[in-house]
Amino acid sequence: MKNGRLLTKLQIYLMIIQAQLGLGMLSLPNILEKQVNQDAWISVLVASVLVQMTLVIYWLLLKRFPGCSYHELTQIITGPFLGKTINIVNYAGYMIIGTYTMILLVQLVNDWLLPFTPVWAIALLIIVLSMYLVVQDYAVFARYLVVLSVVLIPVFLLIIIALFQIPLEPRNLRPVGGEGVLSIIRASEGALFAVLGFEILLFIGPYVHMKNSKLLRTFSLANATIALLYIVVVVLCIMVFSPDVLKQVREPVLYMIRSLSFKAVDRIDLLFVFIWLSPMTASIMIYLLIASKSLMGEGKSFQTTVLLSGVIIYIATIFSSYSEEALQLYGQILKYVIYTVVFFFPTMLLLLSYLLKKKKVNT
Amino acid sequence: MIKSMFLFLSLMLLTGCWDQENLSDRRLINGISFDLSDDDPNLIQGGVRALNIKSQGGGSIEVKDELLTSEEPTIGEIGHEIKKNLPGRLDVTKTFIIFIGDELAKEGIDPLLETFYRGNLGYMPSKAAIVKGKAIDILSINEEDSPIAFRVLNGIRAAESNTLIPELNLFTIWNKIGDERIDTVLPLLEKTNDKPEVAGLALFDQDKYTGKNLDTEQSTLLLIMRDDLGYIADVFIPYEQNPEKKYRLSIMGLKRELDTKVSKDDSITSTLRLKVKTELNANPLGGSDLKSMAAQAEKVMTKRMEEVVAILQEAHSDPLGIGMDVATKYPEEWKRINWESEYKNVEIQLDVKVDIEKTGGLF
């Protein structure tokens, strides 16, 4: 393996954080409040526990097949034919999630930042940037995500400012657990979709070389960080908004920031959308990356796949943004896609690898 | 060569932007008024103060504002109508204050403000105020040097820091008028001698003005009961021996505790405990027995607060948030209780403790 290609612990940590952060955070409080009112934050907690379990499954796969990428691993376990089929399904799945994220992102930018700019122009800028970065492969992309972590600072600042500037109503959080355990668990599905993006871990096999226990610790730490951040944001939103209003607002986090005002700066929400663009674009890049990775390994063929996939995402986005039917269709497919690609396949592969006693032999 | 050609072309082609707008093309609206129309009760009379900013060279800017009015059934149509008369694009992004006539406010203010929340351009930190009589009367006052909306805005800010009215903006109002467990209050303005004046607080039941008001002295007491103090809060207490003359106590610290209990037969008792630390700031008769002065203050404040509570219950307005207390502590009972009719029967007990801790520079 070439030097400088391996990922460090910090890079993996920040990579997972950036993968999970993104568009989901802005509308998460609204989605959860609709289902479980004041108990929204418990659903986030449940979701992050589920993510932790999934991360352990991914880690076991990585441990059993060190240095293997996910697309090789499927073929080792289930044979070339089935393995390739799974890879193609994975590719389609990641592409669908990526396109859906892209549609939401373009709409958000169009709604908040650039109302008169046509969709094709916004989408073009985003996709060209994404393709340019993803073509460089993992190592460069990981370094980019490390630099990108600077965007976490404004989030923390704004949370602190909101704590002191906006009148809070802590009574909105009571009664704790009043919605019942079952509905809280059911609602955690919404939160699960907001923390998606950690699938990138399936593909880091060839780029890590560290003790397995350290790897798991890094995974867990990143997941805990995101869970904490999301819980703080959701709790803050519940306290700031009245339940009725929170159910109406599409992006509560932005509305909360919009109500802040200072002598020197107004409408910080617009600045925030602008800053938040980078993590949101990063999630599209991640799906573009892992979609391409699930077909091709490295080198020229990988780069061609990235470019082709980017074009496909771009065309799909232009045709389906602001079309209610297309969005509904996506919403319906998406659920099954996520369950299949993110949870079912890795679990099945892990079980099969134990049953068939398949393991990578270190050479 | 190709690179430089590309750069050159970019320079020529990529200079535009769909979303750019020049300040000189816009007409900033800095105050809006809504009234019931005199001629037709189904119409709303809207008035705006539009700023015309002209640069006069040498860094000096001339600001002139003009009054435009229109009568239409809804807010959206008023805006549309006013656009026709305005030389430039109507811009509500800097609308600092919205005046609402009291007759119109009795029909509900939510439909009037909704458009400011929904649109991307509405300015959330702006203030809203109820006007005794016609709102347009205040908006049409002509000031010598600065637009009238700025004068009123400064008046409202001063009243906020003097604890005459609570600190409010469109965002916090929105979160209260949609919540059936708590009610909002809005500043009440009055035109006296051709000058706008803060006359107290207008009491609301949900989004409807009840027609009942608190004067400025009662407003301060209400805000003390809510633990919602501004920078300075003063109360004036008559001497026991000579009730004509009053001494002034400034509130330094406040401890508030609201304890609501629902008994088995669904009768609600609410106890409000206040511990007030004060500073004696004006003592014209030179009373020296601080203990008895504090006791007198306790007596007077309790009596006046009871009056305020009686007004609130009569008006069916709940700015103290007793409904919120019931709903969060007794969720089961809350579902059963008909709050609309029950609020009048809530027994509100007051327990006020006053301490005079400082006496300024004199003994």
Quiz item: Per residue of A:263-271, what is the mean number of Cβ atoms on other protein chains within 10 angstrom of that residue's Cβ?
Solution: 2
Quiz item: Fewest first, what order do A:Leu163, B:Leu189, A:Leu108, A:Leu173 take by the number of other Cβ atoms within 10 Å?
Solution: A:Leu163, A:Leu173, A:Leu108, B:Leu189
Self-check item: Local net charge near B:Leu223, Cβ-Cβ under 14 Å (Lys/Arg +1, Asp/Glu -1)
Solution: -4
Quiz item: So what is the 222 nm mean residue ellipticity for chain B from helices alone, if each DSSP H run of at least 4 adds -39500 (n - 2.57) and you divide by all residues, rounding to the nearest 500 deg cm²/dmol?
Solution: -9500 deg cm²/dmol
Exercise. Any chance you could list P(r) for segment B:24-214, counting all Cα-Cα pairs in 5 angstrom bins from zero, rounded to whole %?
Key: 1, 8, 17, 21, 22, 16, 9, 4, 2, 1, 0, 0
Quiz prompt | 0 to 90° range, to nearest 10: angle between helix A:119-134 axis and chain A longest Cα axis | solution = 40
Quiz prompt | Length-normalised contact order for segment B:165-210 - Cα pairs under 8 Å, 6+ apart - percent | solution = 34
Quiz item: Can you list the equivalent-ellipsoid semi-axes of chain B, largest first and in whole Å, using the square root of 5 times each Cα gyration tensor eigenvalue?
Solution: 45, 26, 22
Quiz prompt | Size of charge dipole - the protein assembly as shown - debye, nearest 20, with Cβ of Lys, Arg +1 and Asp, Glu -1, no other charges | solution = 4780
Quiz item: Using alpha-carbon pairs under 8 Å, 6+ residues apart, how would you state the relative contact order of chain B in percent?
Solution: 13
Exercise. Quantify how strongly other chains surround peptide A:167-178 by giving the mean number of their Cβ atoms within 10 Å of each of its Cβ atoms.
Key: 4
Quiz item: Two-decimal Rg/Rh of segment B:233-363 from alpha-carbon positions, Kirkwood Rh?
Solution: 1.09
Quiz item: Leaving out same-chain residues fewer than 8 places away, which aspartates and glutamates sit with a Cα under 15 Å from that of B:Lys208?
Solution: B:Asp35, B:Asp102, B:Glu103, B:Glu107, B:Asp110, B:Glu114, B:Asp179, B:Glu180, B:Asp183, B:Glu314, B:Asp318, B:Glu340
Quiz item: Hey, rough spin-label estimate for B:Glu342 and B:Lys94, points 7 angstrom out along Cα→Cβ, what's it come to in nanometres?
Solution: 4.9
Quiz item: If each residue's Cβ is checked for other Cβ atoms within 10 Å, how do A:Ser283, A:Ser27 rank with the fewest at the top?
Solution: A:Ser27, A:Ser283
Quiz item: What's the extension gain from B:Glu114 to B:Met5 if we count 0.36 nm per residue and subtract their Cα-Cα distance?
Solution: 34.1 nm
Quiz prompt | Links that overshoot a 22 Å alpha carbon limit, given the list B:Lys275/B:Lys303; A:Lys300/A:Lys357; A:Lys214/A:Lys300; B:Lys132/B:Lys212 | solution = A:Lys300/A:Lys357; A:Lys214/A:Lys300
Quiz item: For segment A:5-89, what is the per residue volume of the convex hull drawn over the alpha-carbon atoms, in cubic angstrom?
Solution: 149
Quiz prompt | Descending semi-axes in whole angstrom, ellipsoid equivalent of chain A, from the Cα gyration tensor | solution = 34, 24, 20
Quiz prompt | Most to least packed among A:300-308, B:260-268, A:267-275, B:212-220 [average Cβ atoms within 10 Å] | solution = B:212-220, A:267-275, A:300-308, B:260-268
Quiz item: Please state the relative contact order of segment A:9-355 as a whole percent: Cα pairs under 8 Å, 6+ residues apart?
Solution: 42
Quiz item: Roughly how tilted is helix A:137-148, in degrees to the nearest 10 and between 0 and 90, from the longest Cα axis of chain A?
Solution: 20
Quiz item: B:Lys54: which lysines have alpha carbons under 30 Å from its alpha carbon, excluding same-chain residues fewer than 8 sequence positions away?
Solution: A:Lys263, B:Lys64, B:Lys83, B:Lys84, B:Lys94, B:Lys127, B:Lys195
Quiz item: Considering the dipole of the protein assembly as shown built from charges on the beta carbon (Lys and Arg +1, Asp and Glu -1) around the Cα centre, which of A:Trp112, A:Trp59, A:Leu73 is farthest to its positive end?
Solution: A:Leu73
Practice problem: Sort B:Arg26, A:Arg250 so that the residue with the fewest other Cβ atoms within 10 Å of its own Cβ comes first and the one with the most comes last. | Solution: A:Arg250, B:Arg26
Quiz item: Once you charge only the Cβ atoms, +1 for Lys and Arg and -1 for Asp and Glu, what is the size of the charge dipole of segment B:98-156 about its Cα centre, to the nearest 20 debye?
Solution: 160
Quiz item: Using a cut-off of 20 Å between alpha-carbon atoms, which aspartates and glutamates can reach A:Lys358, once sequence neighbours fewer than 8 places away in the same chain are excluded?
Solution: A:Glu72
Exercise. Tell me what chain A gives for mean residue ellipticity at 222 nm when only DSSP H runs of n ≥ 4 count, each as -39,500 (n - 2.57), the sum divided by the residue total, rounded to 500 deg cm²/dmol.
Key: -25000 deg cm²/dmol
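Using the Cα atoms as the points, what is the convex hull volume per residue of the protein assembly as shown in Å³?
228
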Quiz item: How far is helix A:345-355 tilted off the main Cα axis of chain A, in degrees rounded to 10, range 0 to 90?
Solution: 40
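Summing +1 for each Lys or Arg and -1 for each Asp or Glu, what net charge is found among the other residues whose Cβ lies under 14 Å from the Cβ of A:Val135?
Within the 14 Å Cβ shell, the charges total 0.
Taking R0 as 41 Å, what's the FRET efficiency between A:Ser183 and B:Gln241 from their Cβ-Cβ distance, rounded to 0.05? Don't jump to the answer; show the numbers that get you there.
Working: r = 64 Å, r/R0 = 1.57.
Taking R0 as 41 Å, the efficiency between A:Ser183 and B:Gln241 is 0.05.
Tally Lys/Arg at +1 and Asp/Glu at -1 over every other residue whose Cβ is under 11 Å from the Cβ of B:Pro319; what's the total? Intermediate results must be reported in sequence, preceding the final value.
On the way: positive: B:Lys176, B:Arg226; negative: B:Asp183, B:Asp205, B:Asp228, B:Asp318.
Around B:Pro319, the surrounding residues sum to -2.
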Exercise. Over the whole of A:339-346, what's the average partner chain Cβ count within 10 Å per residue? Rounded to a whole number, please.
Key: 0
Quiz item: Quick one: putting +1 on the C-beta of Lys and Arg, -1 on the C-beta of Asp and Glu, what dipole do you get for segment A:9-355 around its Cα centre, in Debye to the nearest 20?
Solution: 820
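A short reminder: the numbers here are calculations on the coordinates, not readings from a lab. All of these numbers come straight from a predicted model, not from anything done at the bench. Don't worry about glycine lacking a Cβ; one is built from the backbone with ideal geometry, like all the others, and counts go over all protein chains shown.
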